[in-house]
Amino acid sequence: MYFAVLVILLHCPSLKAQDDVITINKVELTAPSLKVKNGMSIELTCIVDISKSTSFQMQHAFLFYKDDSLLHNTTSEQNRTRYKISPARFADSGSYKCTVEANRKTKSSNDLDVRVEGLSQPKLTALKREVTEGEVVTLRCEVPEEKPPFIFLFRKLLPNQQFQKKSKQELKENFASVEFPVEEGDRILRFQCTAKVTSAVYSETSEPSNMTIVTVVEPFSHPKLTSKSPWNITEGDRIDIVCTTILVRKYELEILIQKDSRILNSTRGQSSVTYSTIATVEHNGNYTCKVELGRVSKTTSMNIVVAELFAKPILTPSLTDLDENARLSLWCHINGSPKANFSIIKRPPENGILLKTFSNFTIRAQVNDTGSYVCRAEIKGIIKESNPVQITVYAPVSEPVLSVASPSTEMVLGDTLLLRCQSMSGTPPINYTLFRENRLIHTITVFNNTYAEFRDRQTKLNNRREYRCEASNRHSNAKRSSYKMNITVIAPVRNVSFGSLPYGEVEDGGEINFLCVVGEGSLPINFRIFKQNDQKPLFNESRMETRLHWQKKTFHKQDAGKYFCDASNRVTEPMRSNLLTVKGKHPSMEMSGSTAATNSTSEKLPSGPNHYTEFYPGSGYIEDENPVKPTDENKGPDHESAEVEYTEVEVSTPDPYKDSGENRHSRIEGSPDAT
C-alpha cells in the first residue's frame, strides 16, 4: 500500500508539468524617443505576451542587446522590465533588442534604432600657463565618458577672428596632445579644441571646449638700432652703428648687424654690438640688427645715406684692340677734375701690377700687354677704381699649314676628307677658311692656340682636288694663305660586265673575242679572265682604261665551259662579272674556206659608237644571277646563231675622266656582210 502511494507521489510533478504549458506570443521593445540628447537618458522597456495552459506564476529572463552584444539581463515574474542608460553618450547610439526566455522557450523583439545626438564638451588643459618666447605650448584635449575613435581639432585664437589650427586623430584614447610654438610678438595666448566622432551612419562634432589662456614672457626686448655718425654723412666720415637690447634674465642670445645678406659684426652673450667703418658710397643702404635666442628672433632696421666725395674715375684707352708694336695710351680722369692721386694698374694677377702713379700712361704694346686695366684715384684716404678696360694686343698670324688627318693624300670616292688648318703663331681668336678649287667651303673661329678641323665629303669623281686654307685675326695685316694641297680621289670598281664574239658557240679551232667592261673605277684597273673552277687566270694585266678586249685565237671543243672576268684597282678587291657559257662545235663545210681566209687576214674591230654591243650575250644564254641586257632587243634567234665571215677589230682608248656609263654602250659589230 505504501509503495503505491509513493509511486503516485513521484508521478505528481510529471502530471503538473504536463498541465503548465506556455507559448510566447510576442516580445516588444519600446523607448520614449528614438533620438536622445547627449547627457540625457535612454529608457528601454521590454514587454512580453505569454499564453499559459493554466494560471500560475513563473520567472521570465529578460536580456537586453546592443548591436548583438549583451548589455544587461534580469529575471522577473512580471511581463515587463526596464533598462536605463544614463547619461547617454554618442557611443550608446545603436540597434537595441530584447530577448525573453521562459519555460525553456525564447523569443526576441524587433530591433530598435536609437541615436544619441551631440557630443560631450571636451576639456582643454595647458601643461604650462606661462611660457617664454621660443618655447612651445603643450595642450591636452579630452572628451570624458566618450569612446574613440576621435579627430581632435586645436585652435590658437588670433586677433580679427583669425586662428591657427592643428588636428590629430586618436583611435584608442579619448584624449590627444599637440604643441604650438610661441612666436615673436605673442603675449596672451588663447586656445580651444573640439572633438569629432564618426560612426558607420553619421558623425557628430562637439561644442568648443573651455578657453585656456597662456601668458608669454618676453626674454629680451625689441632691439634698438642707432647711429653715432653725423646726420649728413659724406665719404671719409666715420660710421658707428650700435644695436642694443634689454635682457629679462641671463640668456646666451646672439646679436648681429647685417647689410643686405652680409653680416658685418656679431656678438654672443652680450646686450649690444657695434659696427664701425669709414664711409664710402658703397655703405649706402639698409642696415638690420637681429637678436636671436633659440627659435625667437627680433629685428629692427635703419637706412644710411652717404654723400659722394668724388665720382668714380674713368679710364680711357687710345685703342682696345691693336697690333703688336702699336702705340697704346691710357688716360685717367675724374668728372669735375678734383685733385687726386692717380695710379694705373694691370690685371692679372688679382691684386694687380702697378704701372704708373700718374694720370696717363703710354707704351709700345706687346702681346704680353694684353689684360685688364684700371685707374685708381685717392682723395682724403678714399680710394676708388674705374671700371676695368680690356686691352688685347694682336700678333699677326703666321702662314697656316694645311694637313690631312690620314697619312695619305688619297681617298675613296664617297668618304669624308678630314683637313686641319693651323697657324703656329698669332693672337686668337683666329678665323680659318677652307677653299676647294678657290670655292669657299666653310669658316671656323678658333679661340685658343689649336687647329681648325674641316670635313669635306667626296661625292663627285674628280681625280684631283685642290685645297687651301686662309687664316686671319684682328691684326691689321692681310690674311695669310697656306700652300695648295692636291687630294687624289679614287673611285672603287663597280658594275663589271663580260661578253664575247661570237656568242654562245664557237667552231672547233676557231677564235673568240672576250670583252670585260668596268662601269666605274679609277685607273689603272687590273683585269683577269678565268674559266670557271680554274685557279690560274687565262689573262691578267693592268690597263689604263675601263675595258679589256682579249682574243683567244684557237678555241677547241675541250675549251667549252663557263667564263668570267674580274676587275680591281688599288682601293677595291676584285669585282666579279657575270658568268658566260661558251660551247664548241664542229666546223661546217661552208665555213672552211672562209675560216682560212679569215685567219690569213689581219683582223681588227671596227670603230664606231656601238662597236662592242655584240660582245654581250643574249638573254637566252645567260646563266648568272646578274645578267647584262643586250643593247639590241630586236635580234632574234637567227641573228644570234649567224655565222660571221669577216670582222674588223679596232680598240679605242677610253677617256678615264668621263663617266664610264658611255663605255657600256660601246660594241663590237660585224661587217655589213655579216648575218
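The values are calculated or read from the model by the stated rules, or taken from the named source; none is laboratory data. These numbers were taken from a predicted model, which means no experiment stands behind them. Glycine also receives a Cβ, built like all others from the backbone with ideal geometry; neighbour counts cover every protein chain displayed. The protein model used for the area step is the full one, side chains on, heavy atoms only, and it has no ligands, DNA or RNA in it. Shrake-Rupley method; radii C 1.70, N 1.55, O 1.52, S 1.80 Å.
When only alpha carbons are used to place a centre, the stretch 111-171 and the stretch 380-429 end up 77 Å from one another.
Among residues other than Ala311 with Cβ under 15 Å from its Cβ, the summed charge is 0 (Lys and Arg +1, Asp and Glu -1). Computed over the stretch 156-210, relative contact order equals 28 percent, with contacts defined as Cα pairs under 8 Å that lie 6+ residues apart. With Cα atoms defining each centre, the stretch 17-63 and the stretch 212-262 are spaced 82 Å apart in the structure.
Which of the peptides 556-563, 399-406, 193-200, 95-102 is most tightly packed, and how do the rest follow, going by the mean number of other Cβ atoms within 10 Å of each residue?
Top to bottom by mean Cβ count within 10 Å: 95-102, 193-200, 399-406, 556-563.
Given q = 0.09, 0.11, 0.14, 0.18 Å⁻¹, what are the Debye log10 I(q)/I(0) values for the stretch 397-536, with equal point scatterers placed on the Cα positions and solvent ignored? Debye intensities relative to I(0), on a log10 scale: -0.46, -0.56, -0.73, -0.99.
Put a dot 7 Å past the Cα of Arg364, heading toward its Cβ, do the same for Arg187, and the two dots end up 8.2 nm apart.
Remark: accessible surface ordering of Arg465, Arg576 (largest first) is Arg576, Arg465, probe radius 1.4 Å. Look at the dipole of the stretch 426-512 built from charges on Cβ: of Pro502, Ser481, Pro492, the Cα furthest out on the positive end belongs to Ser481. Which shape class applies to the stretch 271-426: rounded if a/c is under 1.5, otherwise prolate when a/b exceeds b/c and oblate if not, where a ≥ b ≥ c are the square roots of the Cα gyration tensor eigenvalues? It comes out oblate by the Cα gyration axes. Straightening the chain between Thr357 and Arg327 buys 8.8 nm, computed as 0.36 nm per residue apart minus the Cα-Cα spacing. Using a/c under 1.5 as the rounded threshold, could you call the stretch 67-175 rounded, prolate or oblate? The axes a ≥ b ≥ c are square roots of the C-alpha gyration tensor eigenvalues, and prolate needs a/b larger than b/c, oblate otherwise. Prolate. Using a cutoff of 8 angstrom between alpha carbon atoms and counting only pairs six or more residues apart, the relative contact order for the stretch 188-297 works out to 22 percent.
Report the FRET efficiency, 1/(1 + (r/R0)^6), for Gln162 and Ser108, where r is their Cβ-Cβ distance and R0 is 41 Å, rounded to 0.05. So, using R0 = 41 Å, E works out to roughly 0.15.
As an exercise, use a Förster radius of 56 Å and the Cβ-Cβ distance of Thr443 and Lys585 to find the FRET efficiency, rounded to the nearest 0.05.
Numbers: r = 70 Å, r/R0 = 1.26.
Efficiency, from the Cβ-Cβ distance: 0.20.
Take Glu573 and Arg455, extend 7 Å from each Cα along the Cα→Cβ direction, and tell me the distance between the two endpoints in nm. Spacing of the two 7 Å Cα→Cβ label points: 2.7 nm.
Accessible area per residue for the stretch 255-353 is 54 Å², calculated with a 1.4 Å probe on protein heavy atoms, without ligands, DNA or RNA. On the basis of the beta-carbon distance and an R0 of 60 Å, Asn265 and Ser398 show a calculated FRET efficiency of 0.55. Positive end of the dipole of the stretch 41-157 (Cβ unit charges, origin at the Cα centre): among Val114, Thr125, Pro149, the Cα lying farthest that way belongs to Val114.
Full extension of the chain between Leu127 and Met40 gives 28.1 nm of extra length, using 0.36 nm per residue less the Cα-Cα distance. Since only Cys46, Thr30, Met58 are under comparison, the one whose Cα sits farthest along the positive direction of the charge dipole of the stretch 15-64, derived from C-beta charges on Lys, Arg, Asp and Glu, is Thr30.
Each Lys and Arg adds +1 at its Cβ and each Asp and Glu adds -1 at its Cβ; summed about the Cα centre, the stretch 359-514 shows a dipole of about 1320 debye. Once the chain from Glu218 to Arg238 is taken as fully extended at 0.36 nm per residue, the excess over their C-alpha distance is 3.7 nm. Figure note: Trp550, Trp331 ranked by solvent-accessible area, largest first, 1.4 Å probe, ligands and nucleic acids not counted: Trp331, Trp550. In this Cβ point-charge picture (+1 for Lys and Arg, -1 for Asp and Glu), the stretch 529-573 has a dipole of about 200 debye about its Cα centre. Label-to-label distance for Phe56 and Lys380 is 12.8 nm, based on points extended 7 Å past Cα in the beta-carbon direction. Evaluated with a Cβ-only charge set (Lys, Arg +1; Asp, Glu -1), the stretch 110-205 carries a dipole of roughly 160 debye about its Cα centre, given to the nearest 20.
Counted by Cβ distance under 14 Å from Ser301, the other residues give a net charge of +3, where Lys and Arg count +1 and Asp and Glu count -1.
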